[in-house]
Amino acid sequence: MTLVSILLALLLGASAAPHQAAPAPTAVAPAPPPVVRPELVHAYPHERTAFTEGLLIADSVLYESTGREGESVIRQVDLPTGRTVRQAVVPDGLFGEGIVAWGRELRSVTWHGGRGFRWSRPALKRTGEWRYQGEGWAMTDDGHHIILSDGTPRLRFLDPETMRVARTLDVSVNGRPLKYLNELEYIDGRIWANVWMTPYIVQIDPATGQVSGVIDLSALVARAGVTDRDSVANGIAFDRAKHRIFVTGKNWPELYEIRLPGGTAR
Ligand SMILES: [Ca+2]
C-alpha cells in the first residue's frame with residue numbers, strides 16, 4: 001500500500017462505526033489530499049506528565065491545557081525549559097480539554113457536562129463560566145469566531161460575545177465525513193486538526209470543510225517514543241508574530257517547532 005492509501009484507510013476506517021454500511025461513492029471521487037512530512041526545526045523539553053489537551057500562543061506567551069479528572073490544569077509554559085510559570089486548576093475535578101485565547105481571556109472546555117470556563121491572562125484567574133451542548137474537545141479562532149471540536153466531523157463556530165453557535169462546518173476527506181477531529185489551530189486560512197488515534201494533522205478549508213492537506217507526524221511520534229495510540233499530537237500552536245508552528249502530544253517528552261516543506265504553513 002502507498003502511504004496515501006494507508007492514511008486514507010486509517011482516516012476512513014476511523015470515520016464509520018464497524019456495523020455501519022459505507023456511504024455510497026460519489027459520482028466523481030475527489031482527489032486525495034496531499035500528504036507531507038514536516039521538517040523538525042527545534043526540539044524543546046515538554047513536561048512528560050502533561051496529558052496535553054490544548055496548546056496556543058497568545059501575545060508571545062505559551063499556554064497548555066491538560067486533561068484527566070483531578071489532574072486538569074491550564075498553565076503558562078516557559079518554552080525554552082518546558083517549565084510551568086503558573087497554573088490554574090480546572091474546578092470540580094472535571095476533565096479539562098482545549099483552550100482558546102480571546103481578548104484578554106483564555107476560555108476552556110471540559111470533556112463532558114458542557115461546562116466551559118473563562119480565565120484572565122496571563123494571571124490565569126478564573127473569571128467566569130459558559131455553557132455549551134454536548135462534548136468539548138478543543139478550540140481555536142479565526143479572528144471572528146471561536147471554533148469548537150467535539151470528536152465528530154462537525155465543527156461549531158461560536159459567536160465570541162455570546163458563545164452561541166453561529167454556524168457549523170462538516171469536515172470531509174475524499175467526500176466522506178472525518179470524525180475524531182481533536183486539537184485545533186487556525187493557521188494561515190486553514191483549520192488544522194489532529195485526528196485522534198492517528199499520527200496525522202489534517203488541514204481543513206474553512207469554507208467547504210474539505211481536507212486540503214495531511215501532515216504526517218509519524219517521525220515525531222517515533223522520536224517522542226510514545227506507543228499508546230492515545231498519545232496523540234494534542235497540542236498545536238501557531239506563533240503568528242514569528243510565523244512559527246509548534247506541536248506536542250499527550251505525555252510527549254518534547255515539544256517541537258516544525259516547518260512544512262518549502263517553509264509554507266499551507
Ligand atoms: Ca491549539
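The protection proxy used here, the mean number of other Cβ atoms lying within 10 Å of each residue, ranks peptides 198-206, 245-253, 123-131 as follows, highest first: 245-253, 198-206, 123-131. The 3J(HN,Hα) values that the Karplus relation (6.51, -1.76, 1.60; θ = phi - 60°) gives for the stretch 78-89 are, in residue order, 7, 4, x, 9, x, 7, 7, 7, 7, 8, 10, 8 Hz. Gly and Pro appear as x.
Packing order of peptides 182-189, 89-96, highest average first: 182-189, 89-96 (average count of other Cβ atoms within 10 Å over each peptide's residues). If Lys and Arg each add +1 and Asp and Glu each add -1, what is the summed charge of the other residues whose beta carbon sits under 10 Å from the beta carbon of residue 116? Counting the neighbours of residue 116, the net charge comes to +2. Descending by average beta-carbon neighbour count within 10 Å, the peptides 50-59, 35-44, 158-167, 138-147 line up as 50-59, 138-147, 35-44, 158-167, the highest first. For the chain, a simple Cβ point-charge model (Lys and Arg +1, Asp and Glu -1, everything else neutral) yields a dipole of about 180 debye relative to the Cα centre.
Each of 108, 60, 212, 231 was scored by other Cβ atoms within 10 Å of its Cβ. Listed from fewest to most, they are 60, 212, 231, 108. In the chain, the ratio of gyration radius to Kirkwood radius, Rg to Rh, stands at 0.95 when only Cα atoms are counted. For an R0 of 45 angstrom, estimate the FRET efficiency from the Cβ-Cβ distance between residue 92 and residue 172 and round to the nearest 0.05. Efficiency computed from Cβ-Cβ geometry: 0.80. For the chain, the longest principal axis of the Cα atoms and the long axis of helix 3-13 meet at an angle of about 70 degrees. Applying 1/(1 + (r/R0)^6) with r as the Cβ-Cβ distance of residue 35 and residue 228 and R0 = 30 angstrom yields a FRET efficiency of 0.80.
Read the figures in this text as sums done on the coordinates, not as results from a lab. Remember, it's a predicted structure, so these values are computed and weren't measured experimentally. Please note: Cβ atoms are built from the backbone with ideal geometry, for glycine as well, and neighbour counts cover all protein chains shown.
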